[in-house]
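Report on one structure; see the data block that follows.
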Amino acid sequence: MKNPERIISKLVESALRRYSMIAEGDRILVAVSGGKDSTTLAYDLAMKRSWWPDRFEVRAVHIASDFCSCCKKTRLTSLLEEWGIPYESVFVPIIGRLKPGRSMNCYWCSTQRRTELLRYAEANGFNKIALGHHLDDIIETFFMNMMDKAELSTMLPVLKYDLYPVSIIRPLALCEERQIEEFADYKGFRSAACTCPYGASSKRRSVRSRLAAMTGGSSSAKRNIYESMSNISSGYLPVENPLPDSRVRTNRQ
Ligand code: SF4
């Protein structure tokens with residue numbers, strides 16, 4: 001079996017280079033939850049600091065909420081300390097901010113968390129926020145947006161904001177969840193996993209199982225879905241105004 005650490009490291013390196021995620025002098029804030037994804041991300045960036053051609057700084061923040069007390073923060077704190085990543089926890093009353101009559105859901109939660117992350121990054125001089133979303137998250141979002149919003153869109157590997165002087169980067173964009181799980185088991189991070197009480201009913205879970213049925217869990221099928229998002233033949237899509245450079249390619253008989 002190939003070394004899971006090497007697999008993750010190579011895939012993160014590919015994503016960092018392909019999407020030009022890191023530049024000289026970057027101050028990167030990693031959003032950590034105690035789960036396998038963000039813990040893997042924090043570890044990999046911490047290791048890359050010593051050899052990556054551009055010098056960059058890594059710090060971590062945990063957005064603590066009023067509903068999820070399951071995060072193994074003691075374990076997380078000691079891991080981050082071991083890797084030389086300064087860490088802070090910020091409390092956000094996510095349920096407490098709900099308007100009367102509204103119920104808790106993932107959209108509200110992630111919007112609140114994202115806003116706090118952006119505020120924290122801006123107030124503390126970070127120019128990039130690294131999130132632990134992986135390839136499976138990205139293709140799940142792609143299908144969710146198609147089915148729920150009739151829109152072809154997803155989470156971007158790099159997202160720049162007009163309103164904030166901060167970009168979002170997703171260095172795990174080319175890593176499959178399965179590979180992160182193997183790595184987390186290999187390093188013993190799984191015990192740091194966090195289970196959200198609202199996660200079980202999330203729409204994402206339903207899309208995840210439908211996608212698993214559609215791809216049969218095939219890595220190449222999932223990677224092809226991912227690559228299709230940047231290989232668009234708009235001439236073969238029912239768009240009213242195809243992109244100017246779109247071509248319909250036909251073979252001469
Ligand atoms: S699964 Fe839980 S922590 Fe994650 S976005 Fe949904 S409510 Fe928030």
- Please work out the C-alpha center-to-center distance from the range 141-168 to the range 14-66 and express it in whole Å. 20
- In µm²/s, what is D for the range 26-158 at 10 °C and 1.306 mPa s, where D = kT/(6 pi eta Rh) by Stokes-Einstein and Rh is the Kirkwood radius from Cα pairs? 98
- Query: Contour minus end-to-end for Arg178 and Thr141, with contour as 0.36 nm per residue of separation and end-to-end as the Cα-Cα distance?
  - Reply: 11.6 nm
- Item | Neighbour count of at most 11 Cβ within 10 Å plus DSSP loop: longest GluC sites (Glu not before Pro)-free window in the chain | 25-150
- Message: Could you work out how much longer the chain between Lys10 and Ser78 gets when fully extended? Use 0.36 nm per residue separation minus the Cα distance between them, nm to one decimal.
- Response: 21.9 nm
- Message: Check which residues have an amide H placed less than 5 Å from Ile85's amide H, if you skip close sequence neighbours.
- Response: none
- Query: Which percent of Cα pairs goes in each bin when the distances of the range 4-230 are cut into 5 angstrom slices starting at zero?
  - Reply: 1, 6, 14, 19, 20, 19, 13, 6, 2, 0, 0
- Could you work out the helix-only [θ] at 222 nm for the chain, with each DSSP H run of four or more residues adding -39,500 (n - 2.57) and the total divided by the number of residues, to the nearest 500 deg cm²/dmol? -13000 deg cm²/dmol
- Item | Note, ³J(HN,Hα) from phi for the range 30-35, Karplus 6.51, -1.76, 1.60, rounded to Hz, x at Gly and Pro | 8, 7, 10, 10, x, x
- Note on the structure: Spelling it out for Ser33: with amide H atoms placed in the peptide plane at 1.01 Å from N, the residues 5 or more places away or on another chain with amide H under 5 Å from its amide H are Ser38, Thr39
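Values quoted throughout were computed directly from the atomic coordinates according to the rules given, and no laboratory measurement underlies them. This one's a predicted model, so the numbers in the text were calculated from it and none came from an experiment. Note that each Cβ is placed from the backbone with ideal geometry, even for glycine, and that neighbours are counted across all protein chains shown.
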